[in-house]
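In what follows, a single structure is set out as structure tokens and then discussed.
The values are calculated or read from the model by the stated rules, or taken from the named source; none is laboratory data. No experiment lies behind these values; they were computed from the predicted model shown. Reconstructed Cβ throughout: ideal geometry from the backbone, glycine too, with neighbour counts over all protein chains shown.
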Ligand code: ATP
């Protein structure tokens, strides 16, 4: 047997197509010709802050078990022909690449993948790695996809989830998706949390809102769970085909744990602790901002409008609360929150004039002169003010954004607590 990993990326554009679909078509065709694909194809999400991304910064890979090395040339030219036909090459932003690799997933490859998920790398970095590990690559136009294609082959498997993608027939592309919402609610009732992020409040969350070929995607803990859930979903338009991908989605693999706020950079995602310095305030558009600090520095954190009810929690934070924040830093240098853990809520209190023995609240007797009861005339000293704790409306613990605002890589609390 001769094994070859195939990695594919950057085939689509904002107006159409999808690398998962291109991969699915190629896999189905290879299977039809009798080739053996081992296990599930992989859908690997990369750094969400990469400016070249079309949508979710995903790349794909799969493993082919060939009978002999001779079959390799045949398969390779077929895959390249199909990538050329299916990619949106007319779009300036589409720069596909395919990587073929017949070696082992070694440390060089897996640490490159982690870099691509957590950091920004260059096409040159990818070339160097491909040459070092003797991977064969084919670039179309700028061939930027070489970065994602290598990362999708080498991504370590510490934690996995699965996504079943159901595709539309081409005549329905761009039209409103015809999914029976009730069937999705029933599916969720049965399958959650083995499948998750199926619904978001009153709405279903399995359908994308782009003109891509995907009708819906069901995310879950195992292939069995997503396949079982798929059987329960009814649609009023045909499903052309479906596929199960093994993914690194919802694993928090993109997050870098750091000890100092000052060590954070733009375009990366972190887990960081800090104390709320400035209480939350609302800015135009309904976004909520607050600042956290530690000994090294401070950073503004944002719960943007799409995070909906998550903002109700965030706006109850106050200066002095100790938090662990999970999120990424975008162009403006603000930490875009994915979830927070409130480690310690600060005590907030208010002071009142003392209560007189006769039951009446006393009045100030003048600056520095203590208090006087206007009913019975009793007097008390200046330091006899009453301090009352104000009950906080939020509790310590984890809070997360709703499914519709969740990043592909972000681990939902249900996966943390399972
Ligand atoms: P879709 O999710 O629909 O497949 P996409 O959002 O994945 O689209 P691509 O069209 O694949 O977007 O474009 C992303 C490009 O950015 C690819 O060429 C990929 O190789 C490159 N890329 C991905 N991660 C990084 C990174 N960390 N540093 C630099 N380039 C990256």
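Quick notes on this structure:
- Qualifying residue in the stretch 246-257 (condition: in contact with a strand residue (DSSP E or B) (Cβ under 8 Å, 6 or more places away or on another chain) and over 30 Å from residue 187 (Cβ atoms)): yes
- If you filter the stretch 111-140 down to residues that are modelled with pLDDT of 95 or more and in a loop (DSSP other than H, G, I, E, B), you find that the one that is surrounded by the most Cβ atoms within 10 Å (Cβ to Cβ) is 135.
- For the stretch 35-46, the count of residues that are outside any strand (DSSP E or B), crowded, with 23+ Cβ neighbours inside 10 Å and within 13 Å of the ligand (Cβ to nearest atom) is at least one.
- Scanning the stretch 70-89 for residues that are out of contact with any strand residue (DSSP E or B) (no Cβ under 8 Å at 6 or more places or on another chain), surrounded by fewer than 16 Cβ atoms within 10 Å (Cβ to Cβ) and over 18 Å from residue 212 (Cα atoms) gives 70, 73, 74, 77, 78, 81, 84.
- Filter pass, residue 265 being under 30 Å from residue 296 (Cβ atoms) and in contact (Cβ under 8 Å) with a residue 40 or more places away in the chain: yes
- Exactly one residue out of 54, 94 is over 17 Å from residue 7 (Cα atoms), crowded, with 19+ Cβ neighbours inside 10 Å and within 15 Å of the ligand (Cβ to nearest atom): that is 54.
- Against the conditions (1) out of contact with any helix residue (DSSP H, G or I) (no Cβ under 8 Å at 6 or more places or on another chain); (2) modelled with pLDDT of 95 or more; (3) assigned to a loop (DSSP other than H, G, I, E, B), residue 65 satisfies every one except (3).
- Here residue 351 clears all of (1) outside any loop (DSSP other than H, G, I, E, B); (2) more than 30 Å from residue 312 (Cβ to Cβ) except the condition numbered (2).
- Residue identified as within 21 Å of the chain's Cα centre (by Cα) and farther than 15 Å from residue 151 by Cα among 31, 3, 14: 14
- Among the conditions (1) in a loop (DSSP other than H, G, I, E, B); (2) away from the ligand (no atom under 16 Å from the Cβ); (3) in contact with a helix residue (DSSP H, G or I) (Cβ under 6 Å, 6 or more places away or on another chain), the only one that residue 164 does not satisfy is (1).
- Within the stretch 158-169, being at pLDDT 95 or above and either surrounded by fewer than 19 Cβ atoms within 10 Å (Cβ to Cβ) or out of contact with any strand residue (DSSP E or B) (no Cβ under 7 Å at 6 or more places or on another chain) (or both) holds for 159, 160, 169.
- Residues within the stretch 131-159 that are over 21 Å from residue 20 (Cβ atoms) and either within 10 Å of the ligand (Cβ to nearest atom) or touching a residue at least 12 places away in the same chain (Cβ under 8 Å) (or both), tallied: 7
- The stretch 16-32, subset outside any helix (DSSP H, G or I) and crowded, with 20+ Cβ neighbours inside 10 Å, residue modelled with the lowest pLDDT: 17
To keep it simple, each residue is scored yes or no on (1) out of contact with any strand residue (DSSP E or B) (no Cβ under 6 Å at 6 or more places or on another chain); (2) in the same structural domain as residue 305 (by TED's automatic domain parsing); (3) outside any loop (DSSP other than H, G, I, E, B).
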| site | (1), (2), (3) |
| --- | --- |
| 341 | no, yes, yes |
| 366 | yes, no, no |
| 376 | yes, no, no |
| 383 | yes, no, yes |
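- Scanning the stretch 2-15 for residues that are part of a strand (DSSP E or B) and surrounded by fewer than 24 Cβ atoms within 10 Å (Cβ to Cβ), we see that the one that is farthest from the ligand (Cβ to nearest atom) is 2.
- Identity of the residue in the stretch 204-213, in contact with a helix residue (DSSP H, G or I) (Cβ under 7 Å, 6 or more places away or on another chain) and touching a residue at least 40 places away in the same chain (Cβ under 8 Å), that ends up nearest to the ligand (Cβ to nearest atom): 213
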